[in-house]
């Protein structure tokens, strides 16, 4: 959301950031003109939406962008209270649910001709162990839905992970009380396509390759670089979004299993963690989405009616999640992988950071305070 605020501010929008915590990085940004506190959608969907509606009645807003799975589901479920007050641009409730459903992602990928990883639905640890024996270790363990709407609040799912032994799987599986997916391990580079899909077409895309993650084997991106989109990939991603029914900002993570074979593994139907990279590479996704939603997008080609091509992020721009990359270095040092640690410490040019920006330094301070609070709380 920090990246979204910065992109919108740069495009001339006046931005209000809403959060349930005082240490939300976006609220410390100079790109943020107003700040409001809201209940956590994970504790009260109705309270969260009611506070948003109160603010929307107090001050007119052109649109509202959900920044997390829980806020997206709460807004979608209670949209009838919000839609009279602003433009949402959300697809149907069923499309939002489909975008959160990992089995639907695999099904839609198969429908549009993309490669898929074999996946087995399990209802408990014993079934998970049997599935792992069938698939072979290691396996990726995931929740069925990224989050789901409960009776009073949005319930988050346990974070997915890669497990290498049956003992690790048995210990991890108990967290997935509502069922889980076991997915065969597909070796290859992780590729991200962040973009905006609207009007049944791709409006913008930023393709990047993960170079480091935290945790190192199967975590979030800690360091990445934009690359030219491989031939046919953006067209396949567009067909996938159309099959799912999604409209808006998204990020699709894929495994580059072999030459020209990309396996979708996760879909984030919202602003995502490394979106600062798209901004820095010339594809400010939040601004492009809002411009389209408000009718300010690029017009069709004069005299032809042809739609303009999507905005594509330029290659060679890098991204660093500061504390994630430092933890990656620490992990490599603890395993005596000194060369890998030194590679991570090597300075680079043209790097966009998750939080730090010389002209907007306070979000990085907010992140440091947040991490310090977590350390104290854990202890």
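Worth a mention:
- Conditions (1) within 24 Å of residue 73 (Cβ to Cβ); (2) in contact with a helix residue (DSSP H, G or I) (Cβ under 8 Å, 6 or more places away or on another chain); number of the one not met by residue 113: (1)
- Any hit, the stretch 180-190, residues being more than 29 Å from residue 130 (Cβ to Cβ) and at pLDDT 95 or above: no
- Wholly within the stretch 56-148, helices (runs of 4 or more DSSP H) carrying at least 1 residues that are farther than 17 Å from residue 264 by Cβ and more than 23 Å from the chain's Cα centre (by Cα): 79-82, 125-135
- So residue 171, is it within 20 Å of residue 219 (Cα to Cα), more than 21 Å from the chain's Cα centre (by Cα) and not assigned by TED's automatic domain parsing to the domain that holds residue 309: yes
This table checks each residue for (1) surrounded by fewer than 20 Cβ atoms within 10 Å (Cβ to Cβ); (2) farther than 25 Å from residue 355 by Cβ.
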| site | (1), (2) |
| --- | --- |
| 143 | no, yes |
| 149 | no, yes |
| 155 | yes, yes |
| 167 | yes, yes |
| 171 | yes, yes |
| 179 | yes, yes |
| 218 | yes, no |
| 221 | no, no |
| 228 | yes, yes |
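- Being within 29 Å of residue 363 (Cα to Cα), at pLDDT 95 or above and touching a helix residue (DSSP H, G or I) at 6+ places or on another chain (Cβ under 6 Å) is a property that residue 284 has.
- Some residue of the stretch 80-92 being farther than 30 Å from residue 243 by Cβ and at pLDDT 95 or above: yes
- Flag for residue 276 being surrounded by fewer than 20 Cβ atoms within 10 Å (Cβ to Cβ), at pLDDT 95 or above and outside any loop (DSSP other than H, G, I, E, B): no
- Qualifying residue in the stretch 18-30 (condition: assigned to a strand (DSSP E or B) and buried (at least 17 other Cβ atoms within 10 Å of the Cβ)): yes
- Across the stretch 261-272, a minimum of one residue is classified as more than 30 Å from residue 331 (Cα to Cα) and at pLDDT below 95.
The values are calculated or read from the model by the stated rules, or taken from the named source; none is laboratory data. Just so you know, these numbers come straight off a predicted model, no measurement behind them. Using ideal geometry, Cβ is built from the backbone for each residue, glycine included, and neighbour counts are taken over all protein chains shown.
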